[in-house]
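Undergrad: Pasting a structure here, questions to come.
The values are calculated or read from the model by the stated rules, or taken from the named source; none is laboratory data. What you are looking at is a predicted structure, and each value in this text was computed from that prediction instead of being measured. Heads up, the Cβs are rebuilt from the backbone with ideal geometry, glycines too, and the neighbour counts pull from every protein chain shown. We work out accessible area using only protein heavy atoms, side chains counted, and drop any ligands, DNA or RNA first. Shrake-Rupley method; radii C 1.70, N 1.55, O 1.52, S 1.80 Å.
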Amino acid sequence: MPTTFTRYRDDLEHKVDNEDEIVASILASMSRANEAVAAKHRHGVRDAHAKSHGILAGELRVHANAPAPYRQGLFAEPATYPVIVRLSTAPGDLRSDDLGAPRGMAIKVIGVPGERALNDDAITQDFLLVNDDHLPFGTLDKYLEFQKVLEAQPAMTDTEIRNATRKGKAIGAVLTALHRPLPVPVELATVTHNNDILGETFNSLAALRHGDYVAKISAAPLTRALRARTGKPIPKGESALQQVVADYFRHQDGEYSIRAQLCTDPAIMPIEDATVAWPEALSPHVSVATLHLPAQNTYSDARRVFADDTLSFSPWHALAAHRPLGAIMRSRARAYPSSSDFRHGYNQVAAREPRDIGELPD
Ligand code: HEM
């Protein structure tokens, strides 16, 4: 294990040229897409990760025995916190699960004490994770290009999206064989897949402060029955993922290892560029806590409505000790409230940041 970890300093972050303008363009494009999707469904949904597949109550059990540099912030002391987990897929629309899409795991830890990243009066720490190890569109310029591709999708049918994905994958295979860079629409097609959501390993993709250090946070399946699902395809069906999650948790518990990967060299493990996966050979993912999810009904109507319409998850619902870092993270400080405000306003539902796990309906 490396002995020198990069110490957190405010000057690890550098604003990019025209940052505010690029973020404004991302937000404007996002809003147009969000409004088009809401008009289609007559209901406001998230601009990304709109479709939920399971909403679970559980516990985050912080280990006592992680190596000292990893015991930071929320993970500094052994403790058990209640959590809400929302499993999702990436599109900002309600698409068939047959289309394939990146999978998301959003974890809301409730009742965390400490100084806040932003001046809110919340007591939550959210971790938003996706099943990859880097964000292909992880710089602001590239994210804007990606968002422009997404903006065209509300007008497309599932069949048109499926055909565009097939074509993109085929072109991607040729370009990759020729060692040529992939245009954004092609790269988008290559990141979709149909694996069982429960066997996936999820990653913050971008950096967070980790107390004295800097980390990417991930969640990897721990329970043998979950690990057995890694890389396994899901059955066909519009809502296959929701069924898979409900079936698994009807009678059995599941656990994920929550891990921190500490930055050892910002030149190799950049903070401003989330397109780069941090090499595990230089810094492994080290377990700092267990996410324990007991058997439960993962998709009651009351839970779906509460999680989809009332709750918001954001990397900026955070302790100062886990402040999101880098350009992509800074853009999210504006993007998440914008999407959340639109959908709460459109649906006329008051937003609520929970203070007690009892607020999550059964
Ligand atoms: C580091 C890369 C990123 C990861 C890992 C990530 C992950 C996620 C996840 C898991 C969700 C679903 C949260 C839930 O269940 O409520 C989500 C929602 C969302 N994401 Fe991201 N995301 C990333 C980057 C971005 C960027 C760069 C933007 C835009 C600038 C963005 C915009 C959104 C929006 C608008 C929502 C919906 C927010 C709401 O209405 O409550 N994301 N993201």
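Undergrad: Is it the case that some residue within the range 321-338 is in contact (Cβ under 8 Å) with a residue 40 or more places away in the chain, open to solvent by 30 Å² or more (accessible area, probe 1.4 Å) and touching a His at 6+ places or on another chain (Cβ under 8 Å)? Working first, answer last.
TA: Initial filter on the range 321-338 (in contact (Cβ under 8 Å) with a residue 40 or more places away in the chain): 321-331, 333-335, 338.
Checking the rest, the ones that are also open to solvent by 30 Å² or more (accessible area, probe 1.4 Å) come to 323, 330, 333-334, 338.
Those left that are additionally touching a His at 6+ places or on another chain (Cβ under 8 Å): none.
Scanning the range 321-338, I find no residue that is in contact (Cβ under 8 Å) with a residue 40 or more places away in the chain, open to solvent by 30 Å² or more (accessible area, probe 1.4 Å) and touching a His at 6+ places or on another chain (Cβ under 8 Å), so the answer is no.
Undergrad: Taking strands (runs of 3 or more DSSP E) that do not extend beyond the range 20-117, which have at least 3 residues that are more than 23 Å from residue 334 (Cβ to Cβ) and open to solvent by 20 Å² or more (accessible area, probe 1.4 Å)?
TA: Details: elements: 51-62, 80-89, 103-110.
Fully inside the range 20-117 and qualifying: 51-62, 80-89.
Undergrad: How many residues are of a type in the set (A, V, I, L, M, F, W, C) and free of Cβ contacts under 8 Å to residues at least 24 places away in the same chain if we restrict to the range 70-99? Write out each step before concluding.
TA: Our first condition is that a residue be of a type in the set (A, V, I, L, M, F, W, C); within the range 70-99, this holds for 74-76, 79, 83-85, 87, 90, 94, 99.
Filter again for free of Cβ contacts under 8 Å to residues at least 24 places away in the same chain, leaving 79.
Matching residues across the range 70-99 total 1.
Undergrad: Answer yes or no as to whether residue 139 is touching a residue at least 24 places away in the same chain (Cβ under 8 Å), open to solvent by less than 60 Å² (accessible area, probe 1.4 Å) and in contact with a strand residue (DSSP E or B) (Cβ under 7 Å, 6 or more places away or on another chain). Reasoning before the result, please.
TA: Details: touching a residue at least 24 places away in the same chain (Cβ under 8 Å): yes; open to solvent by less than 60 Å² (accessible area, probe 1.4 Å): yes; in contact with a strand residue (DSSP E or B) (Cβ under 7 Å, 6 or more places away or on another chain): no.
Against the criterion (touching a residue at least 24 places away in the same chain (Cβ under 8 Å), open to solvent by less than 60 Å² (accessible area, probe 1.4 Å) and in contact with a strand residue (DSSP E or B) (Cβ under 7 Å, 6 or more places away or on another chain)), residue 139 does not qualify.
Undergrad: Let me ask another. Name the residue that is farthest from the ligand (Cβ to nearest atom), counting only residues in the range 286-324 that are small (Gly, Ala, Ser) and within 25 Å of residue 253 (Cβ to Cβ).
TA: Step one: list which residues in the range 286-324 are small (Gly, Ala, Ser), which gives 287, 289, 295, 300, 302, 307, 312, 314, 318, 320-321.
From what's left, within 25 Å of residue 253 (Cβ to Cβ): 287, 289, 295, 300, 302, 307.
Working: 287: 20, 289: 18, 295: 22, 300: 17, 302: 17, 307: 7 Å.
The residue in question is 295.
Undergrad: Suppose we filter the range 184-202 for residues that are open to solvent by less than 10 Å² (accessible area, probe 1.4 Å) and either more than 20 Å from residue 86 (Cα to Cα) or within 16 Å of the ligand (Cβ to nearest atom) (or both); how many remain?
TA: Here the count works out to 5.
Undergrad: Oh, and also: Taking the options 172, 138, name whichever one is in a helix (DSSP H, G or I) and either in contact with a helix residue (DSSP H, G or I) (Cβ under 7 Å, 6 or more places away or on another chain) or within 18 Å of residue 50 (Cβ to Cβ) (or both). Please lay out each step first, then the result.
TA: Numbers: 138 fails: in a helix (DSSP H, G or I).
Of the residues listed, the single one that is in a helix (DSSP H, G or I) and either in contact with a helix residue (DSSP H, G or I) (Cβ under 7 Å, 6 or more places away or on another chain) or within 18 Å of residue 50 (Cβ to Cβ) (or both) is 172.
Undergrad: Testing residue 281 on (1) more than 19 Å from the chain's Cα centre (by Cα); (2) in a helix (DSSP H, G or I), one condition comes back false. Which one is that?
TA: Answer for residue 281: the failing condition is (2).
Undergrad: So, in the range 144-179, exactly how many residues are open to solvent by 60 Å² or more (accessible area, probe 1.4 Å) and touching a residue at least 24 places away in the same chain (Cβ under 8 Å)?
TA: 4
Undergrad: Check the range 270-277 and report whether any residue there is aliphatic (A, V, I, L, M) and within 11 Å of the ligand (Cβ to nearest atom). Outline the logic, then answer.
TA: Start the filter on the range 270-277 by keeping residues that are aliphatic (A, V, I, L, M), which leaves 271, 274, 276-277.
Then drop every residue that is not within 11 Å of the ligand (Cβ to nearest atom), which leaves 274.
Yes - at least one qualifying residue is present in the range 270-277.
Undergrad: Still on this structure: Cβ-Cβ under 6 Å, sequence separation 6+ or interchain: first residue in the range 43-69 and within 8 Å of the ligand (Cβ to nearest atom), partner of a type in the set (Gly, Ala, Ser) and assigned to a strand (DSSP E or B). Which pairs?
TA: Between residues of the range 43-69 that are within 8 Å of the ligand (Cβ to nearest atom) and residues that are of a type in the set (Gly, Ala, Ser) and assigned to a strand (DSSP E or B), the close pairs are 49/88; 49/104; 52/88.
Undergrad: If we keep just the residues of the range 284-301 that are in contact with a Phe, Trp or Tyr (Cβ under 6 Å, 6 or more places away or on another chain) and in a loop (DSSP other than H, G, I, E, B), which is surrounded by the fewest Cβ atoms within 10 Å (Cβ to Cβ)?
TA: If we take residues in the range 284-301 being in contact with a Phe, Trp or Tyr (Cβ under 6 Å, 6 or more places away or on another chain) and in a loop (DSSP other than H, G, I, E, B), then 295 is surrounded by the fewest Cβ atoms within 10 Å (Cβ to Cβ).
Undergrad: Name every residue in the range 141-169 that is away from the ligand (no atom under 16 Å from the Cβ), part of a helix (DSSP H, G or I) and either at positive phi or aliphatic (A, V, I, L, M) (or both), in order of residue number. If you could, list the steps in order and put the result at the bottom.
TA: Residues of the range 141-169 away from the ligand (no atom under 16 Å from the Cβ): 152, 155-169.
Narrowing the set further to residues that are part of a helix (DSSP H, G or I) leaves 155, 158-169.
Within the range 141-169, 155, 161, 164 qualify.
Undergrad: Tell me, yes or no, whether the range 246-253 has at least one residue that is in a loop (DSSP other than H, G, I, E, B) and over 30 Å from residue 116 (Cα atoms). Spell out the reasoning first.
TA: Taking the range 246-253 and keeping what is in a loop (DSSP other than H, G, I, E, B), we get 252-253.
Still in the running and over 30 Å from residue 116 (Cα atoms): 252-253.
Scanning the range 246-253 turns up at least one residue that is in a loop (DSSP other than H, G, I, E, B) and over 30 Å from residue 116 (Cα atoms).
Undergrad: Does residue 259 satisfy the criteria of being within 16 Å of the ligand (Cβ to nearest atom), of a type outside the set (Ser, Thr, Tyr) and open to solvent by 50 Å² or more (accessible area, probe 1.4 Å)? Write out each step before concluding.
TA: Working: within 16 Å of the ligand (Cβ to nearest atom): yes; of a type outside the set (Ser, Thr, Tyr): yes; open to solvent by 50 Å² or more (accessible area, probe 1.4 Å): no.
So residue 259 does not fit the description; no.
Undergrad: Residue 343 is checked against (1) over 21 Å from residue 35 (Cα atoms); (2) within 10 Å of the ligand (Cβ to nearest atom); (3) among the basic types (Lys, Arg); (4) in contact with a Lys or Arg (Cβ under 7 Å, 6 or more places away or on another chain) and fails just one. What number does that condition carry?
TA: (1)
Undergrad: Okay, next question. Among the residues of the range 210-233, write down those that are charged (D, E, K, R) and surrounded by 24 or more Cβ atoms within 10 Å (Cβ to Cβ). Before the answer, list the steps.
TA: Filtering the range 210-233 for residues charged (D, E, K, R) gives 212, 216, 224, 227, 229, 232.
The one that is charged (D, E, K, R) and surrounded by 24 or more Cβ atoms within 10 Å (Cβ to Cβ): 216.
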